[in-house]
Structure formats: structure tokens, C-alpha cells
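Undergrad: Below you'll find the structure I mean.
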Amino acid sequence: MRLRPVRPRRLAAALLAASLLTGPAGCATSVDPIERLGRKAAQGVRPHSPAAQQPYRRWGLTAPLPVPPEPPSRPSRAARATRAFGPPPVVDRVRTSDPVVFLTYDDGAERDPRFVDMVRELRLPVSMFLTDSVVGPGYGHFAHLRSVGADLQNHTLDHPSLRGLPYAGQRAEICGQRDKLRSRFGVHSRLFRPPYGRYDTTTLRAAADCGVSAVVLWRAATTDTGLRFTHGRRELRRGDILLVASDGDDLAGPSLRERTTRLLREIQTRGLTVGRLQDYL
């Protein structure tokens, strides 16, 4: 069989194609270098940088948060039944030997998308007590927060001071927001925080009738300069419920992320970590 001679033009084209598909040592390089680096490289984040390997540094921490211990077992059915016939307990701290504190946030006025990233990357078990009239059209933001692990709880429909109001009005505020959270997210909010921390015996009766298992206050709240304690020793203790306050009207003040970072640093200094509140109440 006679071999057909290769024309010079075809030989040159073949050599050019081979050179595009091989590297200097003859190895295939058909994969785009940007694809090798991945989406993070394409977005300007190096995949092997400290920020990518240690996300806690991106949020201003010098060490990762310790993993909290396994939460206690749920109360027995008999204990839950006994609690159901009386008013819910009012708590600002949890009695526990676990080295945990609890982060809570009120109202829903500040809706920073980067806070969602912070909760997701640090795996923060935060509890958001939401008011319908404050959240307004921002329920989508809290759906994102719930999808990354945040817990959504009840803070009334319209944020009135409940103390002194008649039973019907208090019940409407508490049960109304319970129903809102159920219809929007499919969640049953067992925990309730009265606006401004003000309540009376009528509040407790209305809360019980709305299925509330605990009325949640706080032992310390963030300020521009640190923590303000409501009572007891002026230092973080295991079991403390903390309010990360938002100054939505003060544009010059620290953001919710900044306040959270400062608080997390203090929590770490005390040898504590963050637990999931609904696992303890």
C-alpha cells in the first residue's frame, strides 16, 4: 500500500494544534487555568489563603469558636405536661454546667446580608426574636438566616409594651406573631421575648395560652463600649442569655456584625462558646 505524502500546510496545522494542547514537557493542558483555581480564584479569593482556610479570621477572630458540648436531653413528657398547666418560666440565664452562653437578637430592623454569611461560616447558633411590624418586607432575609441555622422566635406583632394591657390585647400580640411565623416559615415558636423586657402576670397567662414554653429576657446586652449587665456579677458566666442590641438609627455606631465580633472575642476570653438556646429551654 502506497502512503500519501503529507502536504506542508496540513503538517503545519497539525503541529500548531498539538502545541496548543500540550505544555512545555508535552503534558496536556486543556483545562483552563481559571477553572483549576475554581470559583474563589475567579472572584479574587485565593483558595489556599488564610481567609479561605480559616474563615474565622475574616470575621475578626483570632481563633475558631470551640464546638459546644452535646446539648442536654429534652425534658421528659411528664415534665412538659407539668409545665403546660402553669405559666411559662421567665429566664435570663440557663442553669447549666456546660461552658456556653446564648446569642439573641431582637426586632429584625437591621438586615445586613453579610451577617448571614457570618452566621453560616462561623456556624453561629443565634436566636432571632422577630416583630412583624419591624421586619416588614424583610422576611426573606430571615428565611436566609434560618436556612443557615438561625432560630426564629416570637417578639409580638407590633412591639408594644405589654405590661398593663388587657388580656385580649396581649394574647392577640403574642398569638398573632406565632401564627405569622408559622405561616411564613412553618416553625412553631416556643420562646417569647416581651418588648423592652416588660411583662406582668397577664403576659404570662397570654403566653401560656399561645403555647410559649419560656419567656426569654437577657442578663447582659451589648452597648457601644461593651456589655451592660442587668444584675449579678459584671462578667460573663456560663448559661448567660445575651442580647446583641442593634442601633438601626445610629449610622455612625457599630454594626450588628461588629457588635457580634466584639462579643465573640469576650466570650472566647472567658473560655466559653455559643450554644443553641432552644436546646436548653
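Undergrad: Could you size up the charge dipole of segment 186-247 around its Cα centre, putting +1 on the beta carbon of Lys and Arg and -1 on that of Asp and Glu, and report it in debye to the nearest 20?
TA: Its charge dipole is roughly 240 debye.
Undergrad: Further question on the same structure: Can you give the FRET efficiency for R198 and D224, using 1/(1 + (r/R0)^6), R0 = 22 Å, r = Cβ-Cβ distance, to the nearest 0.05?
TA: The computed FRET efficiency comes out at 0.40.
Undergrad: What is the calculated FRET efficiency for R205 to R114, with r their C-beta to C-beta distance and R₀ = 35 Å, to the nearest 0.05?
TA: It comes to 0.30.
Undergrad: Moving to a separate point now. Taking amide H positions as placed 1.01 Å from N in the peptide plane, with prolines and chain starts having none, which residues 5 or more places from T273, or on another chain, fall under 5 Å of its amide H?
TA: Those qualifying (amide H under 5 Å, at least 5 residues apart or on another chain) are V100, V101.
Undergrad: Could I ask something else about it? What is the percent of Cα-Cα separations in segment 145-244 that go past 20 Å?
TA: Percentage above 20 Å: 44.
We did not get these values from a lab; they are worked out from the coordinates using the rules stated. Being a predicted model, the structure only gives us computed values, none of them experimental. Please note: Cβ atoms are built from the backbone with ideal geometry, for glycine as well, and neighbour counts cover all protein chains shown.
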